[in-house]
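Report on one structure; see the data block that follows.
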Amino acid sequence: MFDIVISISCFLVSILLAIYVAYSKNLKIIASIDHEKVRPENKNKIAYLFSICLVLGTIFIISSGLLHDYNFYLSILLFVVGFAILVLFYIIFLKLNK
C-alpha cells in the first residue's frame, strides 16, 4: 500500500513539474543545461520535449518499482527504458543546441 502512495506522489510531482515547464518555458529547472545558451527558437521545443520525456520516464520508473515484487526481469527492463528516455532528452537537447 505504501508503494502505491509513493508512486502516486512521484507521478503527481512529475506531472506538475512537466506542466510548469511546458507552460512557463522556464528552463532553469532542468538540470545540467545552460539555459542562457539556448537559442530562442528552440526554447519551446526543449520545454515540451522535457515535459514529455519527464512524464514518460517517470511512468516507466514507477511501473518498475510497482512490478518489482512480481516480475524482477520486467522491472529491470522498465527501469532501463525509463532512464533511457530521460537520457534521450539530453541527447536531443545537445543535437538541437548545436
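Here is how the numbers come out for the structure above:
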| quantity | calculated |
| --- | --- |
| Full-stretch length increase - ALA84, ASN97 - with 0.36 nm per residue and alpha-carbon distance subtracted | 2.7 nm |
| Extension gain (nm, one decimal) between LEU77 and LYS45, 0.36 nm per residue minus Cα-Cα | 8.7 nm |
| Proximal charge balance of LEU49 [Cβ under 13 Å; K/R count +1, D/E count -1] | +4 |
| Whole-Hz couplings from phi, Karplus 6.51/-1.76/1.60, listed for the range 46-61; x for Gly and Pro | 5, 4, 5, 4, 4, 4, 5, 5, 5, 5, 5, x, 5, 4, 5, 5 |
| Calculated FRET efficiency for the pair ILE52/LEU12, C-beta based, R₀ 22 Å, to 0.05 | 0.80 |
| On Cα atoms only, tilt of 72-96 relative to the major axis of the chain in degrees | 0 degrees |
| Percentage, to the nearest whole number, of Cα pairs in the chain over 24 Å apart | 28 percent |
| ASN26 long-range amide H proximity, modeled H, under 5 Å | none |
| Stretchable slack from TYR20 to ILE4, in nm (0.36 nm times residue separation minus alpha-carbon distance) | 3.3 nm |
| Residue-by-residue Karplus 3J(HN,Hα) for the range 31-41, coefficients 6.51, -1.76, 1.60, Hz, glycine and proline x | 6, 6, 10, 8, 5, 6, 8, 6, 5, x, 6 |
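None of the figures in this text is laboratory data; all of them are computed from the coordinates on show. Just so we're clear, the structure is a prediction, and the values are computed from it rather than from any experiment. Note that each Cβ is placed from the backbone with ideal geometry, even for glycine, and that neighbours are counted across all protein chains shown.
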